[in-house]
Each structure stands twice: as C-alpha cells, then as structure tokens.
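Notes follow the structure.
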Amino acid sequence: MRARKSSVLLLTTPQSYRAEAFLAAAKKLEIDSVLGVDLPEALAEQWGVRLSLDFSQPDTAVAHIRDFARERPLAAVIPVDDAGAVLAAQASQALGLPHNNVAAAEAARDKFQMRQMLAAAGVNSPRFKRFALNAPLPEVTNQVRTEIGYPCVVKPLHLNGSRGVMRANDAIELTAVIARLRAMLPHDGYFLVESYLPGVEVAIEAVLENGRLHPLAIFDKPDPLEGPFFEETIYVTPSRLPDDVQQQIVATAAAGASALGLQLGSVHAELRVNEDGAWIVEVNGRSIGGLCSQTLRFDMGMSLEELILRQATGLPVSHLQREQQASGVMMIPIPRGGILRGFTGVDEARAVLGVDEVTITAPLNNRLVPLPEGESYLGFIFASGANSGEVENALREAHHHLEFQIDEEIPLILR
C-alpha cells in the first residue's frame, strides 16, 4: 500500500496578505498544502475553507489539527504571520514535529516577556516597565520619570505593525498617550513603557537552524522613525551601513533570538543602531509581514516563501544566497482617516524607472484608519535597481505620483 503524502499546514487569518504567496510557493515546489484559517465554521463553509480554527482557543484548535492530521498527515505546521506563531508551536509539539519551544513562541508575541528575557540575557534593549491600563496616572507618570525617563515610548503588549506605539516627551504627553491607548485596549489589560532608543532603525530577515541564525537580508529604513508614531514606510536592501555595523546587527539579532529560546524557522527582528551599538526593538518568530517578502529573491529566483517551505520539509537553506540586485518596498501610508473613494497615478508610478509594481490593497468605499489606531496600509510599491540609493529614489518618485481621494467620514446620528 502506498504511503499517503504528507501536507504542510499554513496557519493564517482572513486579513493576511501572505496566504496566496505561500500557496503559490507550495504549488511550485509540489508540496501539498492546506490553510488553517482563524475563522468561525459558519463563515468557513461560505469561504470554502477546509480547516477553520479559533486561534483564541488553542487547546480546541490543537485538537482540531490533530484530528485533521489523522486523515491528512502533516509534515509541518507553519505560521503565515504573527497570529499563528504560538498555535504553530503548540500544534507541532502535539504532533511531534520540529518546532520552537512554546514558551519561546509566546515570548516573541508578548513584548513584556520579550523585554524580561532580553534583559536577563544581557542583550542590548531599552529600560522598561509594565503598567496596568487602569493604574492611576500620577503613579504611572511618577514611576516613568524616576525609572524610565523621557522621552519614552508606550507600547501595547500584543499588537503588531507599530499599532498603538507612541512617543511621549513629558508627563503631559504621556497622560494623553495613555488615554489614547486606553481607548484601543481592554481596560483590564497592560501596556509597556520603554526608554526611547535614538538612532537609525533597521530590520533583519533570517532563518534559524538548530538555534543558529542565518541572515538573509538587512533592510535600511531611511525615513526617520522618531515619533510621535512609528509608521514604517520604506525598506531597502542591501543595507548601506558599514560592514562592521551590519555584523553587529546580525550578532545582536542572533543573541535576541537565543535569549527568547527560538531555535527553528523564520526570524524577523527590528533594531536601532546608534553610537552605543545595536539595540533590539523586537524579535519575531515569523517572516516579514504584508507583501514585503516580494522584495526578496534567492538562488534561481526562489521566493522567501519557497525557502521557508523548503526548510520546513527538511531541506537545508543555510547555503542559499539572496540575489545581489538591490530592492525595496514602500508601504503606502494612510495620510488621514476617512472613506477611500478612489485613487489616481498608478500608471505613472509604474512607469518610473526601477519600479517593478504598484499594488493598491485598500478596498474602495471602505474606512481608512491611520496609525496609531490603524493596522493596514493603502498598498505597496516595489522597486529594484543597481544600488539601494536608486531603489529608494524610485520608491519616493512613484509615491509622488499617487493621489488618493479620501472623504471625511460622516458620523451616524441616531434619532
């Protein structure tokens, strides 16, 4: 009797940009794949989703995955983005598959746990303190003044994509920032206050094999990220920082992943670099978000998703090299809140020398919410060129051609 072919389970959400890229990569590699979607069963039937899961109920979700695996054996469980990282570790543990320690996956998703573990390991990271959302404001501002100092950065513990991250330069601004965060989060929750890290910000994309970090790319973020919010816009690679600084970035990212206990799979880390060295902003046990992975190609045109699937199915990836051409992406920011009615200039933006594609992802006639409350972008611009400077210029010129019609949102008045 012929053995059944094992599948790869991809954990994702309905909002994810990444699922299609992973499915396309699996098809190219002739790897059987299935989506596990954080979706109620009733909606799953309408959407044609084979395996619906409730990520907020991990015990039940793991039981469903185990039942599914009895009928369709699984070779790996891969989180497509942040939301599925912990569940992937839990399900892999239950199935006896290679995986990150569950505690490590949880620490990569909880900024307070992350800060504690980085500090305990002596990895460069800012001063920090956790507060309850309902803590008396005079108590918070006094402790921040004496233990953290100004300027400081306020962060929710679990949101991603810079959502809810705000800078405060004094007690008055801190009070206003906390009030804004309270409107976003459950009142019985917590938030983090950190000392502000000056310097340039970078991102590193890497994979871990048996705890050893293999860097794939370092991205410069050429726009100053100084607050009051920290909206990411442009990523370009290769980095233009000196080689010794890049080596320091890799070493610090590796130390951060090790401090959390991450051993396997994708790592996406954000760091600040200043005269005192490289400092961890955060370390994530997943790959780069949004459509940004399109900026990366490896040997023989291999995509990042292909590389991740190859590693998950037991193929070595440490020898793979990124293509040498410079590349970059602009995550098109939302300039103001309102209703998106239309946009122009896409053809002109695509015609800019070096621009590879312009993709508008925000649906028309839908509400736009900018940071710090929002969690999405208007779309993405991709470019490539001989060097990172050319790529950055192409991205900026293309963005200059785009215009978005955003109508003011009229509040509903109930009679």
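Hydrophobic, long helices, defined as DSSP H runs whose alpha-carbon span along the helix axis is 18 Å or greater and whose mean Kyte-Doolittle value is at least 0.0, occur in the chain at 171-184, 243-260. Most tightly packed first, judged by the mean number of other beta-carbon atoms within 10 Å of their residues, the peptides 195-201, 394-400 read 394-400, 195-201. In whole angstrom, the stretch 7-99 maps to an equivalent ellipsoid with semi-axes of 17, 17, 13, each derived as √(5λ) from the alpha carbon gyration tensor and ordered largest first. Relative to its residue count, the stretch 195-344 spans a Cα convex hull of 149 Å³ per residue.
Peptides 277-283, 63-69 ranked from most to least packed, by the mean per-residue count of other Cβ atoms within 10 Å: 277-283, 63-69. With contacts taken as Cα pairs under 8 Å at a separation of at least 6 residues, the stretch 150-194 carries a relative contact order of 50 percent. Dimensions of the stretch 77-182 from C-alpha coordinates, computed as largest minus smallest value along each principal axis and given longest first, are 51, 29, 20 Å. Quick one: divide the alpha-carbon radius of gyration of the chain by 2.2 N^0.38 Å and tell me what you get. After normalising by residue count via 2.2 N^0.38 Å, the value is 0.99. Taking every alpha-carbon pair under 8 Å whose residues sit at least 6 apart, the stretch 48-178 reaches a relative contact order of 14 percent.
Remark: relative contact order (the chain) = 14 percent; criterion is Cα-Cα distance under 8 angstrom and separation of 6 or more residues. Proximity of backbone amide H atoms, modeled 1.01 Å from N, is registered between Leu74 and Ser7 at under 5 Å, excluding neighbours fewer than 5 places apart on the same chain.
With both labels modelled 7 Å from their Cα along Cα-to-Cβ, the Gln15 to Asn210 distance reads 3.9 nm. Rounded to the nearest 500, the helix-only mean residue ellipticity at 222 nm of the chain stands at -9000 deg cm²/dmol, with each DSSP H run of n ≥ 4 adding -39,500 (n - 2.57).
Each 10 Å bin, from zero up to the one with the longest distance, holds this percent of the alpha carbon pairs of the stretch 325-415: 17, 43, 26, 10, 3, 1, 0. In summary, the lysines within cross-link reach of Lys129, defined as a Cα separation below 23 angstrom excluding same-chain residues under 8 places away, comprise Lys111, Lys155.
A short reminder: the numbers here are calculations on the coordinates, not readings from a lab. Everything quoted here is computed from the prediction, not taken from an experiment. Neighbour counts are summed over all protein chains in view; Cβ atoms, including those assigned to glycine, are modelled from backbone coordinates with ideal geometry.
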